[in-house]
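Shown next, in structure tokens, is the structure this report addresses.
The values are calculated or read from the model by the stated rules, or taken from the named source; none is laboratory data. For clarity, every value in this text was computed on a predicted model and none was experimentally measured. Backbone-built Cβ (ideal geometry, glycine too); neighbour counts: all protein chains shown. Side chains included, ligands, DNA and RNA excluded: accessible areas come from the protein's heavy atoms. Shrake-Rupley method; radii C 1.70, N 1.55, O 1.52, S 1.80 Å.
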Amino acid sequence: MQLEIKHATVRYSNSDKILDNIDLNITEGQFLGITGKAGCGKTTLLETIAGFHKPESGFVLLDGQNIYEKRFVSQSFRKRLQIVFQFPENQFFESDIWNEIGFGLKNISSSPEEKERKTIEAMLAVGLDINEMKNVSPFALSGGQKRRLALACAIVVSPEILLLDEPFSGLDGDGQNQIISILKDLHRNGTTILMVSHDPNVLSEVADKIVVLDAGKIQFNDIPSRVFADKYLCDKLGIGQPETKITADLIGLDLDEDLTYSNFIKKLEKKYLAAHD
Amino acid sequence: MIDLTYQTGDSILHRMNPTHKFLGLLICTIIILVSKNLAGTIIAAVLITTLILLSKLPIKKVFAPLKSLFFFLIMIFLMNALFFNNGDCLYSYHSICISYKGIEQGYNIVLHTIAITILSSIFIRTTTSIEIMRGIENTLRPLRIFHIPTKDISLIMSIALQFIPVFFNDIDRIRKAQIARGANFNKGSIITRIQSIFPLVIPAFISAFRRADELSTAIEARGFQSDYESFK
Amino acid sequence: MFEMPYTKKTVITAACIALCAVLPMAFHAFPNAGDIWLPMHIPVLLCGLICGPKFGVLCGIMGPFLSSILTQMPPAANLPSMILELSCYGFVSGFVITRIKTGKQITDILISLVCAMIAGRIVYGIANAAIFNIGRFTLNGWLVSSFVTSLPGIVFQMILIPLIITALQRALIIPDKY
Amino acid sequence: MINVSNISFTYNNNKKIIENISLSIEPGKVTAILGKNGSGKSTLVRLILALLPISDGKIYIDDIDINCKEGINQIRKQCGIVFQNPDNHFVSPIIEDDIKFGLTNHHVPETIQSDCVKSALDKVSLTGYEKRNVSTLSGGQKQKAAAAGILAVDNSIIFFDEATSMLDPNGRKELQLCIEDLRNQNKTIVIISQNIEDVLHADKILLISDHQIIKSGSARDILTDYETLKGAGIQIPFPVQVYHDLFQKGIKMKNCPLTSGELAEELCSLK
């Protein structure tokens with residue numbers, strides 16, 4: 001699977017350029033974080049990749065095929081690539097969860113048994129209890145459950161590429177951890193994930209590489225430790241730094257290329273024990 | 001605010017007090033409707049030309065609404081000309097009866113309808129929707145003597161205006177979400193296309209009503225005293 | 001009618017009026033079965049059913065008016081007959097649902113909808129005849145044609161409106177009737 | 001001064017949302033109610049503001065019981081609330097008209113309404129936004145305009161019910177700064193939130209879990225108590241998490257840090 005964006009420029013009907021000459025290459029099985037301050041074009045980039053904004057110039061290629069060409073079959077594209085928008089809770093309409101998740105499958109003609117299996121799989125993946133939830137209405141769920149249901153609706157077609165726009169916004173500590181573990185499982189099973197997020201801590205925890213956008217241009221496309229290296233630049237780009245990096249800099253601890261929390265604790269422990277021997 | 005029809009400008013009409021404009025429109029419409037004969041149409045024509053000159057609006061824009069009315073007006077004219085029979089038919093073929101009276105009445109109605117359409121088009125293009133709401137609010141005020149809660153009505157109108165851009169974005173987001181899930185809206189037979197309306201309309205109503213529910217709590221918290229109660 | 005505080009009914013009516021303007025605009029964008037499903041009628045009927053006859057009439061008057069001044073749809077010429085028809089929808093649906101108690105919500109709703117639609121169509125025919133004073137002969141021609149053309153729309157509304165009401169109740173936005 | 005004595009609330013008499021909660025909101029202080037989604041904190045606020053009927057228990061504002069007419073008038077006069085969704089607050093597309101709606105409800109004479117609007121907008125640093133259309137504002141600005149609507153009628157107690165949860169980071173910063181300003185104008189502020197960022201500077205925090213207040217105390221008491229926070233499903237502050245994990249590994253810091261600055265000091269003084 002090869003997803004390339006070649007010098008794409010996107011502009012809404014009368015506004016100035018939202019995305020300006022974007023070149024991006026997404027390889028299979030990658031977990032790519034997308035960040036930047038408000039209005040830098042993060043969501044537009046995600047929606048352009050998902051086929052909602054035809055670039056003025058440049059292309060979006062999936063395995064070499066331009067997804068905006070007329071004869072490009074959108075059904076198969078939807079099967080391979082799914083997008084979950086910010087605050088996705090307002091898309092529900094079915095009378096119960098089972099049909100709500102199954103809606104995605106209805107448009108991709110697969111056999112009833114397979115539909116049954118896939119729907120159960122999706123509910124398990126997002127931690128929704130099958131027999132308790134089967135004929136509960138999607139509108140009667142809590143905020144966190146609705147967010148996980150929206151995720152289930154996307155992963156039921158087992159897409160190769162999953163795009164998420166701020167999946168944690170509006171959730172509490174528990175809700176966020178649940179979504180993170182779901183995304184980590186999906187990534188482990190080989191799904192390529194593109195995630196827009198403001199939270200440097202989560203990005204440095206889960207993302208292999210991070211794209212930083214500013215005024216529609218890509219400023220960085222690198223591993224977290226290099227993206228968050230320079231405090232002054234991070235403040236200027238409005239992306240902030242993960243707390244592990246901030247504290248490590250304050251006490252002069254070298255995290256060498258790995259900003260995750262577990263590594264931070266390991267390094268601290270090593271430094272402390274070394275000082276005592 | 002989606003003021004698709006408002007043309008920015010600062011002609012006398014744009015600056016005129018919205019209430020007077022609204023009352024003026026109502027009065028002109030009634031005059032045109034009441035004046036059955038040719039005189040009414042001439043007055044209307046003179047009135048419209050002066051208003052168009054005053055408002056400095058592009059002519060094409062003012063006459064735009066007539067395009068969609070074209071067939072409707074022809075139908076009205078034919079209905080009157082062919083089927084109106086009160087006696088003196090020039091030529092009749094069981095129910096069809098062409099008469100002078102019918103034809104005259106036909107083109108009178110058509111001309112009056114055109115006049116009213118242009119008048120309201122001028123009014124809409126020179127007044128923003130918020131000004132229109134204020135105009136209506138003032139015109140309705142005398143109805144308070146019939147115990148009609150006009151303050152509540154004007155609140156409802158201004159809430160409705162404020163909701164329009166919000167609902168528009170909601171529906172757009174719902175549409176994108178459903179397309180992302182594989183729904184397609186313009187392919188397949190009539191049945192599938194009608195069925196494709198459900199995943200849009202139901203969520204649109206749910207999110208609209210949820211917003212209304214939250215807003216009603218908010219205005220209650222802001223000490224909203226309904227007009228209706230104050231009348232009791 | 002459902003037991004709800006006055007402020008909630010006023011704001012729901014405002015939402016329905018806004019939807020009368022937004023729905024045709026939003027669904028004009030893509031050609032799915034044209035205007036067969038009559039987007040502007042649904043908010044008025046819902047408003048009548050949920051908030052009662054008074055609010056239903058208000059929605060029936062303000063909805064098309066707001067839509068007309070914002071998007072020229074309906075054009076000023078047939079605004080009066082549209083207002084008469086929709087306010088009749090709002091009033092009759094609200095009036096009937098408060099009167100009948102068949103014990104099952106779905107039947108209450110369907111009966112109120114049927115009465116509202118019949119009354120609405122008749123008023124629309126008479127209003128058009130009066131305004132464009134077409135002779136008596138064409139009046140019933142007009143009535144018959146307006147019923148036939150909007151039959152698919154009527155059937156669609158009979159399916160859609162109960163679905164929306166149950167969904168609203170599940171989402172705890174409006175209370176249960178029984 | 002609001003006193004709540006063991007109120008509880010059940011939804012259509014089967015689901016218990018609030019169980020026997022007592023609390024008091026002192027004037028001039030910033031009180032925070034912290035709890036995860038569904039713990040009942042938003043319902044608690046709606047009960048205090050008489051927007052929902054209490055199942056049992058009593059709520060007093062300046063010693064007037066709120067479920068009488070006079071009580072409700074006092075609540076409306078003294079309390080204002082900014083809700084979670086910035087779009088579900090406004091009653092008019094123009095900011096000035098929306099603020100005037102609140103002023104008319106509080107019977108403020110027509111003549112001085114414009115100055116009230118102007119001064120309220122200055123207080124939330126939205127000077128000159130009177131004629132602006134609401135749909136052109138950002139999320140953070142909308143919440144500040146909502147706060148302006150409350151300041152205009154001079155409510156002395158202002159509730160923020162998860163007002164930052166739908167905002168992006170700079171919208172959130174904007175609103176947090178605005179809350180800080182209000183604090184200096186010695187307004188009584190009640191912040192309801194699920195993330196610790198909003199409640200760091202509160203004078204008193206009430207921790208809600210499973211429909212009950214399980215702990216109340218200063219910000220430092222609550223936010224450094226690892227077990228209780230974990231039990232209540234709240235995200236643990238980073239310094240407290242580090243303190244706890246190092247403690248597990250036998251490395252003991254003198255006292256539990258709350259800010260990254262304190263954490264750095266503790267770590268340096270470890271050697």
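Nearest 10 degrees is fine. How inclined is helix A:261-276 to the longest principal axis of chain A, computing both from alpha carbons?
Long axis of A:261-276 versus the principal axis of chain A: about 20 degrees.
Which angle from 0 to 90°, rounded to the nearest 10, does the C-alpha axis of helix B:129-140 make with the longest principal axis of chain B?
Helix B:129-140 and the main axis of chain B meet at about 70 degrees.
Using only Cα atoms, locate the centre of region A:63-138 and the centre of region D:225-258, then give the distance between them in Å, rounded to an integer.
Region A:63-138 and region D:225-258 have Cα centres spaced 40 Å from each other.
Please compute how much accessible surface disappears when C pairs with B, both sides summed, using a 1.4 Å probe, and round it to the nearest 100 Å².
5600 Å²
Check every DSSP H run in chain D and write down those whose alpha carbon atoms cover 18 angstrom or more along the long axis and whose mean Kyte-Doolittle hydropathy is 0.0 or greater.
The qualifying helices are D:139-152.
Which peptide among C:103-110, C:158-165 comes first, and what is the full order, when sorted by highest mean count of other Cβ atoms within 10 Å?
Ranked from most to least packed, the peptides come out as C:158-165, C:103-110.
In deg cm²/dmol and to the nearest 500, what is the mean residue ellipticity at 222 nm of the protein assembly as shown if only DSSP H runs of at least 4 residues count, each as -39500 (n - 2.57), divided by the residue total?
-17500 deg cm²/dmol
Report the charge-dipole magnitude of the protein assembly as shown in Debye, nearest 20, computed about the Cα centre from +1 at each Lys and Arg Cβ and -1 at each Asp and Glu Cβ.
Roughly 2580 debye, rounded to the nearest 20.
Using a cut-off of 14 Å between alpha-carbon atoms, which aspartates and glutamates can reach A:Lys236, once sequence neighbours fewer than 8 places away in the same chain are excluded?
Candidates past the 8-residue exclusion: A:Asp214.
Mind telling me which of A:Asn25, A:Asn14, A:Asn131 comes out most flexible in a GNM of chain A, alpha-carbon contacts under 10 Å?
A:Asn14
At q = 0.12, 0.13, 0.20, 0.22 Å⁻¹, what log₁₀ I(q)/I(0) does a Debye calculation on the Cα points of region B:92-232 give, no solvent, two decimals?
Taken in order of the listed q values, log10 I(q)/I(0) reads -0.87, -0.92, -1.16, -1.27.
Going by a ≥ b ≥ c, the root eigenvalues of the Cα gyration tensor, does chain D fall in the rounded group (a/c under 1.5), the prolate group (a/b larger than b/c) or the oblate group?
Oblate.
For the protein assembly as shown, what size does the Cα cloud have along each of its three principal axes, sorted from largest down, in whole Å?
121, 72, 60
So if I place +1 on the C-beta of Lys and Arg and -1 on the C-beta of Asp and Glu, and nothing else carries charge, what would the dipole magnitude of region D:201-271 be about its Cα centre? I want it in debye, nearest 20.
Result for region D:201-271 is approximately 180 debye, rounded to the nearest 20.
If you look for lysine pairs in region D:119-206 that are eight or more places apart or on different chains, how many of them have Cα atoms under 18 Å apart?
Pairs that pass both the separation and distance tests number 11.
Once you average over the residues of D:80-91, how many Cβ atoms of partner chains fall within 10 Å of each Cβ?
If you average over the peptide's residues, the count of other-chain Cβ atoms is 6.
Taking every residue in B:101-112, how many Cβ atoms of other protein chains lie within 10 Å of its Cβ, on average?
For peptide B:101-112, the averaged partner shielding equals 1.
For A:Lys106, give me every one of the lysines with a C-alpha distance below 17 angstrom, ignoring sequence neighbours fewer than eight places off in its own chain.
A:Lys79, A:Lys115, A:Lys118, B:Lys187
Leaving ligands, DNA and RNA out of it, report the carbon-plus-sulfur percent of the accessible area of the protein assembly as shown at a 1.4 Å probe.
Whole-percent figure for carbon plus sulfur exposure: 59.
How high is the relative contact order of chain C, given as a whole-number percent (alpha carbon pairs under 8 Å, six or more residues apart)?
Averaging sequence separation for qualifying contacts and normalising by length gives 24 percent for chain C.
For region C:6-170, which semi-axes, largest first and in whole Å, follow from the square roots of 5 times the eigenvalues of its Cα gyration tensor?
Equivalent ellipsoid of region C:6-170: 24, 19, 16 Å, largest first.
Alpha carbon centre of region D:23-53 versus region B:138-207: separation in Å?
Using only Cα atoms to place each centre, the spacing works out to 33 Å.
Between helix C:105-131 and chain C, what is the angle of the helix's C-alpha long axis to the longest principal axis, kept within 0 to 90° and rounded to the nearest 10?
Long axis of C:105-131 versus the principal axis of chain C: about 20 degrees.
Over region B:129-232, what is the relative contact order in whole percent, taking alpha-carbon pairs under 8 Å and six or more residues apart?
In percent, rounded to a whole number, it is 32.
Alpha carbons only, please: Rg and Dmax for region D:114-271, in angstrom.
Both quantities, over Cα of region D:114-271: 18.9, 63 Å.
Please state the relative contact order of region B:1-127 as a whole percent: Cα pairs under 8 Å, 6+ residues apart?
37 percent
Taking 2.2 N^0.38 Å as the expected size of a compact globular protein, what ratio does the Cα radius of gyration of region B:1-127 give against it, to two decimals?
Region B:1-127 yields a ratio of 1.26.
How big is region A:117-169 along each principal axis, measuring the range of its Cα positions in Å and listing the largest first?
30, 29, 14
Lys/Arg Cβ at +1, Asp/Glu Cβ at -1, dipole of region C:6-170 taken about the Cα centre: which of C:Leu46, C:Val148, C:Phe65 is farthest positive-ward?
Among C:Leu46, C:Val148, C:Phe65, the one farthest towards the positive end of the dipole of region C:6-170 is C:Leu46.
Send over a whole-number figure in Å² for the accessible area per residue of region D:40-145, probe 1.4 Å.
39 Å²
Once all Cα-Cα distances of chain A are split into 5 Å bins that start at 0, what whole-number percent is in each one?
Bins of 5 Å from zero give 1, 5, 12, 15, 16, 15, 13, 10, 6, 4, 2, 1, 0, 0 percent of pairs.
So how much accessible surface do A and D hide from each other in total, probe 1.4 Å, in square angstrom to the nearest 100?
Roughly 2200 Å².
Of D:Ile94, D:Asn37, D:Ala120, which is farthest on the positive side of the dipole of region D:1-134, counting Cα position, with +1 on Lys and Arg Cβ, -1 on Asp and Glu Cβ, and the Cα centre as origin?
Highest projection toward the positive end goes to D:Asn37.
By a straight-distance test (C-alpha under 30 Å), which lysines pair with A:Lys270 as possible cross-link partners, with residues fewer than eight away in the same chain excluded?
Output for A:Lys270: A:Lys184, A:Lys209, A:Lys231, A:Lys245, D:Lys230, D:Lys249, D:Lys252, D:Lys254, D:Lys271.
Anyone know which of D:Pro169, D:Pro109, D:Pro93 comes out most mobile in the 10 Å Cα GNM of chain D?
The residue that fluctuates most here is D:Pro109.
Could you size up the charge dipole of chain C around its Cα centre, putting +1 on the beta carbon of Lys and Arg and -1 on that of Asp and Glu, and report it in debye to the nearest 20?
340 debye
Which of B:Phe146, B:Ala212, B:Ala180 sits farthest toward the positive end of the charge dipole of region B:129-232, with +1 on the Cβ of Lys and Arg and -1 on the Cβ of Asp and Glu?
B:Ala180
Calculate the mean, over all residues of peptide A:137-145, of how many other protein chain Cβ atoms lie within 10 angstrom of the residue's Cβ.
Per-residue shielding by partner chains comes out at 4.
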